[in-house]
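Read the structure below first, then the notes.
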């Protein structure tokens, strides 16, 4: 009997377990950076503020709710590496309630039922496996009911 | 007295009709589907597992309680289908929720009782004064661990329920709790195996030997300890792996069917494993009024039984976000059987693919 879930480990475009562990706060909870001198918000996290070049940045947890600015269905015609099981994959630009923009995947809603301006909330989902075979979790967004 | 402050529910969006499975396998007589209340069940998406569902339910629970993650000082994660055999799921859940790192967090991992045992451990932590607010998460993706073509495939489902437990601001308080545990190999998964196996068969007397032999003594002990009059009961959340199980429990424990059957969700969501009875309890709490008695009866494969008596408080009607169960149950979208097989990773594939094309 099969002893393992047959979820392949991709060979290219692969997450390293070490790197992904360092970046886990961003992937799990949208923790980015806030510049202490100019108050600009950044996601993913930065070490130098791209606006005022200050190196004084502090961790900042972005809002978990936002609005779809634009979205596009994955129309490559063949599945992206590590995403073979997800058909109707939708990628969207989401403006979070605190003004930060993230490019993200929309879970569970095909492009046909999504509109610009839809309210979305962050959910944790399993992403493609890491180079060691470890499960990698990260944010996606889900359309809010109503 | 320790009790439940808030609760959250998360079910996968996808649903599979039993008739679709039956059209493929024809492995049971058609009337069996009706007798066992196999109508439809949840299918976890390819990117969902007990950790993601657990996190989703816990976020909703904290939202309902109006509490920040930093105010929680304990986390107990109960599941029998943890994505890891060795690594804890509770640490992933804790970090994903943003709970403080300096708290007690642990996994409870066995059979269908692990979810409610997470609740028991949380109650113990709060009751003993070791913690102030503890999250108990019950989460399972059973459907990935049932072989294709097995009768249980009609029922095995996925979902998660979370409870915030504290001694303050409770909506349901524990009056009494009793246990009975004896060794019964009715469902098991040997280390390294992926698929669940049956020890006692799926139908007939032996299929419920562990259920009756453990639940009956636990129930009797609860009645003795609390002085409960079973006739005064208004609500009961009971094991519901199949639609027959609640009938067995109600008959053997001499409970009124009206107390048991309205809270059985098998026909809508299937068997949610360790989150099954907690889900039923949430459905009860969605509909109960203040000052009512609720009994929670749990049996976990080979893990013994728990009987718990709760009473609801005056805070329950003003709890925001109610009802929480039926909106999740009713938001389903159907997928076909072949897609469900793909999502549940039951199709053989090379273990190291380059891409979908090569």
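The values are calculated or read from the model by the stated rules, or taken from the named source; none is laboratory data. Nothing here was measured: the structure is a model prediction, and the numbers come from that model. No Cβ is skipped: glycine too gets one built from the backbone with ideal geometry, and neighbour counts run over all protein chains shown.
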Restricting the search to the stretch B:81-132, which residues are touching a strand residue (DSSP E or B) at 6+ places or on another chain (Cβ under 9 Å), away from chain A (no Cβ under 14 Å) and over 21 Å from residue B:3 (Cα atoms)? B:109, B:110, B:111, B:112
Checking residue B:140 against (1) part of a loop (DSSP other than H, G, I, E, B); (2) closer than 19 Å to residue B:83 by Cβ, the condition it does not meet: (1)
What strands (runs of 3 or more DSSP E) lie completely within the stretch B:32-126 and have 3 or more residues being more than 17 Å from the chain's Cα centre (by Cα)? B:104-108
Among residues of the stretch B:324-350, those that are assigned to a loop (DSSP other than H, G, I, E, B) and touching a residue at least 40 places away in the same chain (Cβ under 8 Å), counted: 8
Quick test of your reading of the structure: residue A:134 fulfils all but one of (1) in contact with a helix residue (DSSP H, G or I) (Cβ under 6 Å, 6 or more places away or on another chain); (2) closer than 25 Å to residue B:11 by Cα; (3) more than 9 Å from chain B (Cβ to nearest Cβ). Name the failing condition by number. (3)
Do we have any residue at all in the stretch B:10-22 that's in the same structural domain as residue B:122 (by TED's automatic domain parsing), touching a helix residue (DSSP H, G or I) at 6+ places or on another chain (Cβ under 7 Å) and surrounded by fewer than 20 Cβ atoms within 10 Å (Cβ to Cβ)? yes
Check whether at least one residue in the stretch A:37-48 is farther than 30 Å from residue B:342 by Cα and assigned to a strand (DSSP E or B), and report yes or no. yes
Taking the criterion of being assigned by TED's automatic domain parsing to the domain that holds residue B:186, within 26 Å of residue B:47 (Cα to Cα) and in contact with a helix residue (DSSP H, G or I) (Cβ under 7 Å, 6 or more places away or on another chain), would at least one residue in the stretch B:296-308 satisfy it? no
Can you tell me which residue is nearest to the other protein chains (Cβ to nearest Cβ) among those in the stretch A:16-66 that are surrounded by 13 or more Cβ atoms within 10 Å (Cβ to Cβ), touching a residue at least 24 places away in the same chain (Cβ under 8 Å) and over 23 Å from residue A:105 (Cβ atoms)? A:34
What about residue B:261, is it surrounded by fewer than 17 Cβ atoms within 10 Å (Cβ to Cβ), closer than 21 Å to residue B:112 by Cα and over 15 Å from the mean Cα position of the chain (by Cα)? yes
Of the residues that sit in the stretch A:94-112 and are farther than 13 Å from residue A:62 by Cβ, surrounded by fewer than 19 Cβ atoms within 10 Å (Cβ to Cβ) and in contact (Cβ under 8 Å) with a residue 24 or more places away in the chain, which one is nearest to the other protein chains (Cβ to nearest Cβ)? A:110
